[in-house]
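What follows is a set of notes on a single structure, which appears directly below.
The values are calculated or read from the model by the stated rules, or taken from the named source; none is laboratory data. These numbers come from a predicted model, not from an experiment. Cβ placement follows ideal geometry from the backbone for every residue including glycine, while neighbour counts extend to all protein chains displayed. Accessible surface is based on the protein model in full, side chains and every heavy atom, while ligands, DNA and RNA are left aside. Shrake-Rupley method; radii C 1.70, N 1.55, O 1.52, S 1.80 Å.
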Amino acid sequence: MKFAVLTGGGDSSGMNAFVRAIVRSALNIRTETSVLGVLDGWKGLIYNDFRQLDKGSVAGIASAGGTILGTVRVPELATDPILQESAARNLHDNRIDYLFVCGGNGSIKAAHAINTLIKADKIKTKILCAPGSIDNDVCNSFGSSIGFYSALDKSHEMLEWIKDTASSHRRVYLIKSMGRDSAYLAFYSGIAAGAEYVICPGEHVDYEYLATMIEERDRDTRIIVAEGYDQDLHTIRKTLEDIFKKRNVIHEIRTVDMSYFQRGGKAAVADIIRASWVAYRMVKDAYAYADSGFYTAFYTGHAPTPIPLEIAADDNQTNHVGIPNEIIDFAIALR
Ligand code: F6P
């Protein structure tokens, strides 16, 4: 058989463990298999940029952050038929039996679009996808994407550092978190680090209430602002400062952006195990001639579960629908 492996969208720690596990399981289970790496993600598929991989080329990469294959965003791919045609043609011309993708929301949509075209053109390549993103916006509610726990670990550590200064100076910190518009990373970081409040995308924030909460604590307060919220840190800071001015009280406010620090660096063990297990499962299923699909990376202890690509590519059926009430109630109870 001939396999290709691609990492798409924003890099996430655990993608390298995924690539390694694809290559190692493919070649250990059947030595005659050929595995190609697609360079620079979807761009490489569109422009036919492949590289032969062997067991040695993936040695020692499991815990390294980023992706050794590279990734370039091509957002138009999910909708542009010319780009999709080019990607499908390269899969056909390279005689790829299975393309293994590790990527986020945009990658799953692109994979679904190419898969639809492949089926219509009767190209024999099948596509199997795994969720790889710090945003956790591609799985079912209680699953997690590869890279999410690594990003959480880093966020947690940064929030602990900020707490030291915040409590020493009795300051308020407004802290920006990445996560696109899903808020998962911000929310779980808040739970893990015991932050006082997480502002989520689309939320109608009651700033008078928030100001009262800060006043009542009169200690350190860390407020996490999720990326998709429509006001930047400085606007939020100004709003709170104006309220304090009117109330004739003083609270020092500082802002800090954790964003790109959350995304890079060493992979969490949970992500390495999950990425490796999902990749292994995908290879096994490819050898059993599985149809195209998407694999949710559930928490360690639960086997990866495949679901159809069209469900994974549908925003109404994934974490895009928002954080479940059960998790919100749990977070509020710990405040
Ligand atoms: O999808 C991962 C992510 O880090 C998002 O949280 C963020 O919105 C986006 O990528 C940033 O992308 P870029 O690296 O292209 O600026």
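Quick notes
- Remark: ALA111 matches the filter, which requires a residue to be under 25 Å from ALA183 (Cβ atoms) and either within 16 Å of the ligand (Cβ to nearest atom) or touching a helix residue (DSSP H, G or I) at 6+ places or on another chain (Cβ under 8 Å) (or both).
- Residue in the stretch 198-208 that is within 16 Å of the ligand (Cβ to nearest atom), assigned to a loop (DSSP other than H, G, I, E, B) and over 20 Å from TYR149 (Cα atoms) present: yes
- Looking at ALA111, ALA120, ALA151, just one residue is within 20 Å of the chain's Cα centre (by Cα) and under 21 Å from GLY293 (Cα atoms), and that residue is ALA111.
- Lone qualifier among SER189, SER168, SER144 - being small (Gly, Ala, Ser) and in contact with a Ser or Thr (Cβ under 6 Å, 6 or more places away or on another chain): SER189
- Candidate set: the stretch 222-231, residues that are part of a loop (DSSP other than H, G, I, E, B) and in contact (Cβ under 8 Å) with a residue 40 or more places away in the chain; chosen: the one nearest to the ligand (Cβ to nearest atom): GLU227
- When the stretch 169-196 is filtered for residues that are at pLDDT 95 or above, away from the ligand (no atom under 11 Å from the Cβ) and among the hydroxyl-bearing types (Ser, Thr, Tyr), the ones remaining, listed by number, are TYR173, SER189.
- The requirement of being over 32 Å from the mean Cα position of the chain (by Cα) and over 22 Å from MET258 (Cβ atoms) is fulfilled somewhere in the stretch 216-223, by at least one residue.
- In the stretch 71-93, the residues that are open to solvent by 60 Å² or more (accessible area, probe 1.4 Å) and closer than 15 Å to LEU117 by Cβ: GLU76, THR79, PRO81, ILE82, GLU85, ARG89, HIS92, ASP93
- Qualifying position, being over 18 Å from ILE114 (Cα atoms), open to solvent by 60 Å² or more (accessible area, probe 1.4 Å), part of a loop (DSSP other than H, G, I, E, B) and in contact (Cβ under 8 Å) with a residue 40 or more places away in the chain, among ILE61, ILE68: ILE68
- Of the residues screened, LEU128 is not one that is part of a helix (DSSP H, G or I), among the hydrophobic types (A, V, I, L, M, F, W, C) and more than 13 Å from the ligand (Cβ to nearest atom).
- Failed criterion for ASN28 (all others in (1) away from the ligand (no atom under 16 Å from the Cβ); (2) free of Cβ contacts under 8 Å to residues at least 40 places away in the same chain; (3) not in a helix (DSSP H, G or I) hold): (3)
- Apart from one condition, LYS43 fits all of (1) assigned to a helix (DSSP H, G or I); (2) in contact with a helix residue (DSSP H, G or I) (Cβ under 8 Å, 6 or more places away or on another chain); (3) within 16 Å of the ligand (Cβ to nearest atom); the exception is (2).
- Any hit, the stretch 234-256, residues being touching a Gly at 6+ places or on another chain (Cβ under 7 Å) and open to solvent by less than 30 Å² (accessible area, probe 1.4 Å): no
- Taken together, the residues in the stretch 119-131 that are in contact with a Ser or Thr (Cβ under 6 Å, 6 or more places away or on another chain) and either at pLDDT 95 or above or open to solvent by 10 Å² or more (accessible area, probe 1.4 Å) (or both) amount to 2.
- In the stretch 146-168, of all residues being open to solvent by less than 20 Å² (accessible area, probe 1.4 Å) and either charged (D, E, K, R) or away from the ligand (no atom under 16 Å from the Cβ) (or both), the one that is nearest to ILE134 (Cα to Cα) corresponds to LEU159.
- When ARG219 is tested against the conditions (1) among the basic types (Lys, Arg); (2) assigned to a helix (DSSP H, G or I); (3) touching a Ser or Thr at 6+ places or on another chain (Cβ under 7 Å), the lone failure is (2).
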